[in-house]
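The values are calculated or read from the model by the stated rules, or taken from the named source; none is laboratory data. Remember, predicted model here, so these are calculated numbers, not experimental data. Note that each Cβ is placed from the backbone with ideal geometry, even for glycine, and that neighbours are counted across all protein chains shown. SASA here: full protein model, heavy atoms, side chains in, ligands and nucleic acids out. Shrake-Rupley method; radii C 1.70, N 1.55, O 1.52, S 1.80 Å.
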Amino acid sequence: MAVAGRQNQLEYFLQGSVGKESVSTLLHRLRGLCDGASRQFATFADREMLYSLGGPGNSVSLRARHSLDDSKAPWQLRYVGQSEMGDKSRSTLLRSCVEVSTSDNLTTFLKELGFRYESEFVLKGYYFIKGHMRITVSQVCRVVGVNDPQSSHPIAESYLVEISLMTTVQQDTLADEIKAFAEHLKPYPFLKICYPFLMPKGLLLKTFVLGSICRVSSVKC
């Protein structure tokens, strides 16, 4: 999904998953709860590439994102910080996020600066807006061929569900707002705080909780 201009913000978010057989029910519920209920589901397909600079323990990672649905859309350079896990009373996770719209030679520019291409993935799905919140329901797809997003295929039958909200200053009441909205989606899906753990070779281990079933999938990012 396109982002205009420059954003240097904090992001509150919750994640979960839902089985393929329940996606239709969830989408109709979100359509009723979110803004623009009279419109059809809005879809997106984004390619995201990970670049890093530096060695183990002292590296910087940046992400290059581009829409596969709109080739004329600007590329996005993204920095996503580590999730803050200090405040256990907070209802959601919190991380810093910087996004800048760029020209279409972004990947070439990163390589010239010395950044290394690590991996990439594709997100395909639906998105909704509720006030300042953004809700996405998408499948994470692994890219088989290097720099070939058309070779992507889903890593699992389940769909990733994420509720997020951007702000320029820390306001933990926004976390409660996200949590309250997530309650309306039960049991499709059961969203909660899921802490990510970085794995070797750029794999990100994500734990998605649906009811009492814990689903773990390794996602290239």
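A few remarks follow.
- Qualifying residues in the stretch 161-187 (those that are part of a loop (DSSP other than H, G, I, E, B) and closer than 14 Å to L27 by Cα) - the one most open to solvent (accessible area, probe 1.4 Å): H184
- Within the stretch 187-207, not a single residue is modelled with pLDDT under 50, in contact with a helix residue (DSSP H, G or I) (Cβ under 9 Å, 6 or more places away or on another chain) and farther than 23 Å from R90 by Cα.
- Candidates are the residues of the stretch 106-125 that are aromatic (F, W, Y) and open to solvent by 60 Å² or more (accessible area, probe 1.4 Å); the one that is nearest to the chain's Cα centre (by Cα) is Y117.
- Within the stretch 24-81, being among the basic types (K, R) and closer than 25 Å to K111 by Cβ holds for R47, R63, R65, K72, R78.
- Among the candidates V60, V98, the residue that is within 16 Å of the chain's Cα centre (by Cα) and β-branched (V, I, T) is uniquely V98.
- Filter result for D104 (assigned to a loop (DSSP other than H, G, I, E, B) and of a type outside the set (K, R)): yes
- Of all the numbered requirements in (1) among the small types (G, A, S); (2) in a helix (DSSP H, G or I); (3) touching a residue at least 60 places away in the same chain (Cβ under 8 Å), G114 misses one, and that requirement is (2).
- Selection from the stretch 89-101 of residues that are within 16 Å of L14 (Cβ to Cβ), open to solvent by 20 Å² or more (accessible area, probe 1.4 Å) and assigned to a strand (DSSP E or B): R95
- Close Cβ contacts (under 9 Å, 6 or more residues apart or on different chains) running from residues in the stretch 72-88 that are farther than 15 Å from E11 by Cα and of a type in the set (F, W, Y) to residues that are loosely packed, with under 12 Cβ neighbours inside 10 Å and modelled with pLDDT of 75 or more comprise W75/S103; W75/N105.
- Contacts under 9 angstrom Cβ, first residue in the stretch 146-162 being without any contact (Cβ under 8 Å) to a residue 24 or more places away in the chain and farther than 30 Å from E183 by Cα, partner outside any strand (DSSP E or B) and hydrophobic (A, V, I, L, M, F, W, C), 6 or more apart: Q150/L68
- Hits in the stretch 126-142 - residues which are open to solvent by less than 50 Å² (accessible area, probe 1.4 Å) and β-branched (V, I, T): I135, T136, V137, V140
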